[in-house]
Amino acid sequence: MFDSEFHISPEAKAGLISMVCPNLAEHETTFKTERSLHELDELLRTLGIERGSKYIQNRKNVDAGSILGKGKLEEIAASAKKEGVSLLVFDIELTASQIRNIKKITGLSVVDRVHIILEIFAHHAQTNESKVQIEIARLQYVLPRLAGFWTHLGRQRGGIGVKGGEGEQQIELDRRIIRSRIEFLRKELKTVEKSRVEQRKKRQNKAVTAALVGYTNAGKSSLMNRLCRVDILEENKLFATLDSTFRTLNPDTHPPMILIDTVGFISNLPSTLIDGFKTTLESAMEADLLILVCDISDLNFENHLKVTYDVLRELKIEEKEILIVFNKLDLLDDPLRAKIIKRTHPNSFLVSSFNPHDIDFLRKHIINYFLEKQDIYDLYVPYEHGHIHSSIISKTNVMTTNNHEAGIYYKIRVPDFIFSTLGIKEFVLAPDDPRLDKLK
Ligand SMILES: Nc1nc2c(ncn2[C@@H]2O[C@H](COP(=O)(O)OP(=O)(O)OP(=O)(O)O)[C@@H](O)[C@H]2O)c(=O)[nH]1
Ligand SMILES: [Mg+2]
């Protein structure tokens, strides 16, 4: 119903609007405002939308009715129209009445940052699940803003003659339709979730997992591709990945080690989207290790780190073990910065996804991280127990073997949950067993 209203025409040329205002945390300084506006520009680039000028106003307070004052908006509209701008994109979340007022003052289409992010998500969704999640998020976004969208509808349909009461009725009707659509979609999502839970159960106790998390465009998919030697979409676009992808890091270890690629984060990620993507991020919530990827070449990398930690906190997973990987080292032209980062984050890795040595080193580190968590056992298994030998070889990580007259000595690594299923307890050598010499 709202598709034609909500979707932004790719032919639109956008003017970007923001403000510096001490009352808005994200816009309290020129630096913060410009940083965020630059990101909005990147979001629009991802959507393939042509950008016109950027307008920033310094204000002590936000105008409750129209964010910026009427005069300033008229001035912006006049200059925007001159350069062929048809869409004003605000880097500040707008309410229904603000959208309506600004549209009225400027005579241009008006959207905000959240709307743009939702639009990108809608474009990039591939699986049924993410499509449903995004539709829910979009409807939740639209619901309180119907009045803002409605003026647009009204105008398009020659709405100058539409009476106020008629408009209210239309909005109420739309509201009801949207609410029941959300309810329907939520039910649909539950069915998909069920199969996801079943899949997760199947994986449980059969694999160990590490999830790649971090700001959008940090290089998570690029790292995943190279660490697992596979091919996942990596693009210089924000939110290229929306669905979690699972890949085996190393098929030769037991249990298999799996990497999970996840949706990227961004400053001011709309809460409807965090909610919507909780199921997608659940795989990260249950991972044994988080690999936090951060683009070191981005001047705002510290803010990206902060946003990532904020989202992890929101997901209640900030307590998990975290390995920080600073990526895109090849783009860092200041070696001093690398040194400083290494000092401030001593246990982190500085890598370039494009450098095979870095990838090899990181891959070994992750594999060792998991192996070192496993318990070590020394065993002696007589030859007649053929199936035990094959279990040991196929389900544990054999570190040393020593063939003897009547059997084999093994030093193995295996996690608890697998050890208990193998029936090999009786073959474990006690710590004071003199035969341990055979494994030295
Ligand atoms: N120069 C350089 N570019 C990199 C490196 N790693 C990734 N990139 C590029 O950065 C862009 C984003 O990479 P992705 O792997 O798609 O990033 P992502 O973190 O998965 O992004 P989302 O899926 O949007 O969250 C792509 O154009 C990559 O080619 C690197 O180490 N060096
Ligand atoms: Mg990705």
Based on what the data block shows, is residue 81 in contact (Cβ under 8 Å) with a residue 24 or more places away in the chain, assigned to a helix (DSSP H, G or I) and on the phi < 0 side of the Ramachandran plot?
yes
In region 278-297, which residues are in contact (Cβ under 8 Å) with a residue 40 or more places away in the chain and part of a loop (DSSP other than H, G, I, E, B)?
286, 287, 288, 296
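Residues that are modelled with pLDDT of 85 or more, hydroxyl-bearing (Ser, Thr, Tyr) and more than 13 Å from ligand 2 (Cβ to nearest atom): does region 216-230 have at least one?
There is no residue in region 216-230 that is modelled with pLDDT of 85 or more, hydroxyl-bearing (Ser, Thr, Tyr) and more than 13 Å from ligand 2 (Cβ to nearest atom).
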Considering only residues that are more than 15 Å from ligand 2 (Cβ to nearest atom) and in contact with a Leu (Cβ under 8 Å, 6 or more places away or on another chain), look in region 257-270 and name the one that is farthest from residue 24 (Cα to Cα).
257
If you check every pair at least six apart or on different chains, which have Cβ atoms under 7 Å apart with a residue in region 429-440 that is within 15 Å of residue 408 (Cα to Cα) first and a residue that is of a type in the set (D, E, K, R) and not in a loop (DSSP other than H, G, I, E, B) second?
429/378; 429/435; 436/378; 439/378; 439/411
Positions within region 100-145 being over 17 Å from the mean Cα position of the chain (by Cα) and of a type in the set (S, T, N, Q), in sequence order:
101, 106, 109, 128, 140
Residue check for residue 64: over 21 Å from residue 105 (Cα atoms), among the small types (Gly, Ala, Ser), touching a helix residue (DSSP H, G or I) at 6+ places or on another chain (Cβ under 9 Å) and surrounded by fewer than 14 Cβ atoms within 10 Å (Cβ to Cβ):
no
Go through region 191-230 and count every residue that is hydrophobic (A, V, I, L, M, F, W, C), buried (at least 17 other Cβ atoms within 10 Å of the Cβ) and within 16 Å of ligand 1 (Cβ to nearest atom).
9
Just give me the residues in region 170-227 being in a helix (DSSP H, G or I) and touching a strand residue (DSSP E or B) at 6+ places or on another chain (Cβ under 7 Å), in sequence order.
220, 221, 223, 224, 227
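Quick one: would you say residue 99 is touching a Phe, Trp or Tyr at 6+ places or on another chain (Cβ under 8 Å), surrounded by 22 or more Cβ atoms within 10 Å (Cβ to Cβ) and at pLDDT 95 or above? I'd like the intermediate steps shown before the answer.
Numbers: touching a Phe, Trp or Tyr at 6+ places or on another chain (Cβ under 8 Å): yes; surrounded by 22 or more Cβ atoms within 10 Å (Cβ to Cβ): yes; at pLDDT 95 or above: no.
No.
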So which residues in region 256-278 are at pLDDT 80 or above and more than 13 Å from ligand 1 (Cβ to nearest atom)?
256, 257, 258
Can you find even one residue in region 394-407 that is among the hydroxyl-bearing types (Ser, Thr, Tyr) and touching a residue at least 40 places away in the same chain (Cβ under 8 Å)?
yes
Looking at (1) within 13 Å of ligand 1 (Cβ to nearest atom); (2) modelled with pLDDT of 80 or more; (3) surrounded by fewer than 24 Cβ atoms within 10 Å (Cβ to Cβ), which is the only condition residue 253 fails?
(1)
When region 308-331 is examined, which residues are found to be away from ligand 2 (no atom under 16 Å from the Cβ) and either among the acidic types (Asp, Glu) or at pLDDT below 90 (or both)?
310, 312, 313, 314, 315, 316, 317, 318, 319, 320, 321, 330
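The values are calculated or read from the model by the stated rules, or taken from the named source; none is laboratory data. Since this is a predicted model, take the numbers as computed values, not measurements. For neighbour counting, all protein chains shown are included, and Cβ atoms are generated from backbone atoms with ideal geometry for every residue, glycine included.
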